[in-house]
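Peer 1: Below are the structure tokens for one structure; questions will follow.
The values are calculated or read from the model by the stated rules, or taken from the named source; none is laboratory data. Worth saying up front: this structure is predicted, and the values here are computed from it rather than measured. Here the Cβ is made from the backbone with ideal geometry for all residues, glycine too, and neighbour counts use every protein chain on show.
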Ligand SMILES: Nc1ncnc2c1ncn2[C@@H]1O[C@H](COP(=O)(O)OP(=O)(O)OP(=O)(O)O)[C@@H](O)[C@H]1O
Ligand SMILES: [Mg+2]
């Protein structure tokens, strides 16, 4: 038998089947069965009949959107400065912003909590604020990196062309720089938005369980051995994430014809 | 060139980066409607000059006047000029139409309203959609891209992108269109076509074009006026014909078209000596002065042996389509000749040149440069008929000379540099002259002495007609015989050929 290049993909396909396809099938199976193992739509009815469930979902969305927005607001100008050789002569500064990612996530978040409490922003009293701070702090590098790489690739001459054609710096920023870095913005946003939806460690630690995000809600049911309802909610999140990917795809038409990784 | 209807004027413009000048003492005026070209080798400051006009760079000193007004502090978006960039710089997120319409969105048009009390006030408004549409359509038509308006720019060929870039600029009806090597990325055929089209566009639009290129042929065919630059300085400004026929110095002659350039000596009234013979010429220079002599290859006439002025041997022949190009040797000098008549290689012929086709120009001295220097077996340098101590380790960074006299480089290779060709450069202030004839390496006669404000510039000529130009504080007498000495550390050597041939 001749060796064909596609055989190289066998380990990967096996991995996918074991750790992606089968678990997803399990989720679907549990979601549509009841405790006794019979096929049912009890979970669906239960989810939408209790307002708390939907609220948690909406709150999670709100946190994800706010987090993404703040990360972009801080990360975009930051990436611009980092990508500008005039201000950033070496990549040391970039390193500085990436380094927190090397520290264990739990330790980092606990440390954030202690620092916040120490400077007087109590995690108990200002749970919403501290959660947002924690989320932004954790996800900022994921915004800066893709934006930084897009901006490095960006040709200065297009900015000059824009100025040359009569667009003042303000117009140049909104009509040229932002649209040209759109692929970077979209991948940065997806890198923040989706993980925030399912994150729960940060909100748990930084809000002393006052802020419950969808991720911790799912975790709660799994811990209580209610696998069926947990699975159903996991499925909902899967669908929502799929939907948001689909929507961002529409916006992130890469100008070079290639598709972004999302 | 005549100052008629001046639209742009650059006065003493300098641009300094760190400690070197990219543009130095640039003085130029451009008449309305002219097609003016900045021509020069890579790195001579063409782009920098253009960018200062466009507003992307601020001059270190000097003024830029547009219609008589200083625009030095105006940002690029407030200047009524548009640029066609070297690599087009189209907006990838916009299609062809929107790329071209980009500038129009920011334009304000003035219009007058009569108020109730009868006074008139000027107000500003943006172009309407219909106006934009009409302008874009017209621009698309000019660049011949009517069918492409909704195409993505990334799907266009290089030539088409170039046209979009031009359309995007001219649609704004700038007072001056700046073009930085706009055809550099196109293949030869496309380039020729676009040259004609650009010229045609210039004629039709009546806009002033400032064009940058390093291609002399392009400059000669397209321009009304050419500015030849080197090292940030203007070498010559003139019409293509002027520049070709009357180059101001050897650099211009060499850069524009092919030329034979020799160092000659004036030996009498309108008599110049080069190629080992005396030639009649029509330029008047002081007797004894060293000059640059330029002869165009097409101006050298091949005659049967004995009928011309100097004997030569044809050593090479290339057919160039409509003419032949011969290389002939006169002694050690090469002569390039272009003619339609055929001759055989290795025949001996005689060459002649009409007096009015021998162009003589001042030789600019800024340093003593000896192009035909070489290293002898004792690691000394030979030039100007003498042998000099020198430091050969300056040829390659980090190199050294071992006890056997071999040259070794940091990568561990060893070389025997005997006969290596180098260029020796000595600053005029670093040459010492003395009336003790035993003191220096060679003797010569002072043939000229000029007072330069705070010192004398002296020319010492050896018996072999080699010159040393020396800055000195002391007074000498013309025709004094002196000896010449150069400190070892002051002889700058640069490689003239590939050193790898000398590896052992
Ligand atoms: N931003 C800068 N910083 C430092 N030096 C610069 C800068 N821009 C240009 N230079 C230097 O100025 C000189 C002139 O550059 P310029 O780009 O004007 O050359 P050019 O004539 O356009 O050459 P080319 O034909 O290669 O485009 C060069 O020696 C270049 O290295
Ligand atoms: Mg250039």
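Peer 1: Is it the case that the stretch A:154-176 has a residue that's surrounded by fewer than 21 Cβ atoms within 10 Å (Cβ to Cβ) and more than 14 Å from chain B (Cβ to nearest Cβ)?
Peer 2: no
Peer 1: Right, here's the next one. Restricting to the stretch B:165-179, name every residue that is surrounded by 22 or more Cβ atoms within 10 Å (Cβ to Cβ) and either on the phi > 0 side of the Ramachandran plot or within 16 Å of ligand 2 (Cβ to nearest atom) (or both).
Peer 2: If the condition is that a residue be surrounded by 22 or more Cβ atoms within 10 Å (Cβ to Cβ) and either on the phi > 0 side of the Ramachandran plot or within 16 Å of ligand 2 (Cβ to nearest atom) (or both), then B:165, B:178, B:179 are the ones that fit.
Peer 1: Right, another one. Tell me which residues, restricted to the stretch B:58-94, are without any contact (Cβ under 8 Å) to a residue 12 or more places away in the chain and within 16 Å of ligand 2 (Cβ to nearest atom).
Peer 2: Hits for the stretch B:58-94: nothing passes.
Peer 1: Scan the stretch B:1-18 for residues that are within 16 Å of ligand 1 (Cβ to nearest atom) and closer than 16 Å to residue B:233 by Cα and jot them down.
Peer 2: Within the stretch B:1-18, B:10, B:13, B:14, B:15, B:16, B:17 meet the criteria.
Peer 1: List pairs: first in the stretch B:6-35 and within 14 Å of another protein chain (Cβ to nearest Cβ), second at pLDDT below 95 and more than 11 Å from ligand 1 (Cβ to nearest atom), Cβ under 9 Å, 6+ apart or cross-chain?
Peer 2: Qualifying pairs under 9 Å: B:17/B:60.
Peer 1: Okay, next question. Testing residue B:260 on (1) within 14 Å of another protein chain (Cβ to nearest Cβ); (2) away from ligand 2 (no atom under 16 Å from the Cβ), one condition comes back false. Which one is that?
Peer 2: All conditions are met except number (1).
Peer 1: Could you tell me which residue of the stretch B:2-51 is surrounded by the most Cβ atoms within 10 Å (Cβ to Cβ), considering only residues that are more than 12 Å from ligand 2 (Cβ to nearest atom) and on the phi > 0 side of the Ramachandran plot?
Peer 2: The residue in question is B:33.
Peer 1: Hey, among the residues in the stretch A:114-129 that are in a helix (DSSP H, G or I) and in contact with a helix residue (DSSP H, G or I) (Cβ under 8 Å, 6 or more places away or on another chain), which one's modelled with the lowest pLDDT?
Peer 2: A:127
Peer 1: Has the stretch A:184-207 got any residue that is surrounded by 21 or more Cβ atoms within 10 Å (Cβ to Cβ), within 19 Å of residue B:100 (Cα to Cα) and within 14 Å of chain B (Cβ to nearest Cβ)?
Peer 2: Within the stretch A:184-207, none of the residues are surrounded by 21 or more Cβ atoms within 10 Å (Cβ to Cβ), within 19 Å of residue B:100 (Cα to Cα) and within 14 Å of chain B (Cβ to nearest Cβ).
Peer 1: Given the residues B:331, B:276, B:308, which is the only one that is in contact (Cβ under 8 Å) with a residue 40 or more places away in the chain, buried (at least 18 other Cβ atoms within 10 Å of the Cβ) and more than 26 Å from the chain's Cα centre (by Cα)?
Peer 2: From the options B:331, B:276, B:308, the qualifying one is B:308.
Peer 1: Determine whether residue B:301 is within 16 Å of ligand 1 (Cβ to nearest atom) and either crowded, with 16+ Cβ neighbours inside 10 Å or over 30 Å from residue B:170 (Cβ atoms) (or both).
Peer 2: The answer is no for residue B:301.
Peer 1: May I ask you to say which residue of B:144, B:133, B:187, B:117 is more than 14 Å from chain A (Cβ to nearest Cβ) and on the phi > 0 side of the Ramachandran plot?
Peer 2: The unique qualifying residue is B:144.
Peer 1: Looking only at strands (runs of 3 or more DSSP E) that lie completely in the stretch B:430-479, which have at least 2 residues being touching a helix residue (DSSP H, G or I) at 6+ places or on another chain (Cβ under 9 Å) and either at pLDDT 85 or above or closer than 19 Å to residue B:389 by Cα (or both)?
Peer 2: B:467-472
Peer 1: With respect to the numbered conditions (1) under 24 Å from residue B:266 (Cα atoms); (2) at pLDDT below 85, which one is the sole condition not fulfilled by residue B:496?
Peer 2: (1)
Peer 1: Yes or no: the stretch B:85-104 includes at least one residue that is more than 41 Å from the chain's Cα centre (by Cα), under 25 Å from residue A:172 (Cα atoms) and within 14 Å of another protein chain (Cβ to nearest Cβ).
Peer 2: There is no residue in the stretch B:85-104 that is more than 41 Å from the chain's Cα centre (by Cα), under 25 Å from residue A:172 (Cα atoms) and within 14 Å of another protein chain (Cβ to nearest Cβ).
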